[in-house]
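The values are calculated or read from the model by the stated rules, or taken from the named source; none is laboratory data. Since this is a predicted model, take the numbers as computed values, not measurements. A quick note on method: Cβ atoms are made from the backbone with ideal geometry, for glycine too, and the neighbour counts reach across all protein chains shown.
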Amino acid sequence: MAERRIQYLLGAFSKSSNDKAGLSSALGVTVGRIDVNVIYNECKVEFDKAIAANSLDELLRVYNRKSLPTRISGLLGLANGEYKKLLVRLMKGPKRQDLVAALQKYLPTLP
């Protein structure tokens with residue numbers, strides 16, 4: 001989680017000019033916004049709170065790993081990457097409404 005926040009902040013690099021001074025200055029500003037200790041400690045507090053609350057829902061919220069569905073496949077006895085395909089098949093099947101209802105509390109409402 002801390003790594004992703006740092007990557008996000010590094011991705012905010014914005015230069016004022018393409019010359020050496022402009023690039024160097026912009027890099028200094030970008031790196032200056034990143035306090036690894038603060039970011040790491042904030043993420044640790046979030047994880048610790050989720051663990052202390054014994055809340056899988058909260059833990060999954062803070063564990064932002066897009067690779068999780070791929071990693072789950074093997075645990076469920078599915079081939080690598082098949083978990084996503086299984087979900088798509090389920091969404092097209094007769095249990096669609098049950099699945100949507102179960103997921104709605106975790107997904108944002110779109111206008």
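Check off (1) more than 17 Å from the chain's Cα centre (by Cα); (2) closer than 30 Å to residue 14 by Cβ; (3) of a type outside the set (D, E, K, R) for residue 62 and give me the number that stays unchecked.
Condition (1) is where residue 62 drops out.
Any residue at all in region 29-46 that is modelled with pLDDT under 85 and either touching a strand residue (DSSP E or B) at 6+ places or on another chain (Cβ under 7 Å) or among the aromatic types (Phe, Trp, Tyr) (or both)?
no
Being aliphatic (A, V, I, L, M) and within 22 Å of the chain's Cα centre (by Cα) is true for just one of 23, 75. Which residue is that?
Result: 75 is the single residue among 23, 75 that is aliphatic (A, V, I, L, M) and within 22 Å of the chain's Cα centre (by Cα).
Looking at (1) within 18 Å of residue 61 (Cα to Cα); (2) exposed (fewer than 10 other Cβ atoms within 10 Å of the Cβ), which is the one condition that is false for residue 50?
Only one criterion in (1) within 18 Å of residue 61 (Cα to Cα); (2) exposed (fewer than 10 other Cβ atoms within 10 Å of the Cβ) is unmet by residue 50, namely (2).
Do any residues in region 1-24 that are exposed (fewer than 13 other Cβ atoms within 10 Å of the Cβ) have Cβ atoms under 8 Å from those of residues that are outside any helix (DSSP H, G or I), where the two are at least six apart or on different chains, and which pairs are they?
12/33; 22/15; 22/16
Quick one: count up the residues across region 90-100 that are surrounded by 10 or more Cβ atoms within 10 Å (Cβ to Cβ) and part of a helix (DSSP H, G or I).
Here the count works out to 6.
Looking only at region 1-20, how many residues end up being in a helix (DSSP H, G or I) and more than 23 Å from the chain's Cα centre (by Cα)?
1
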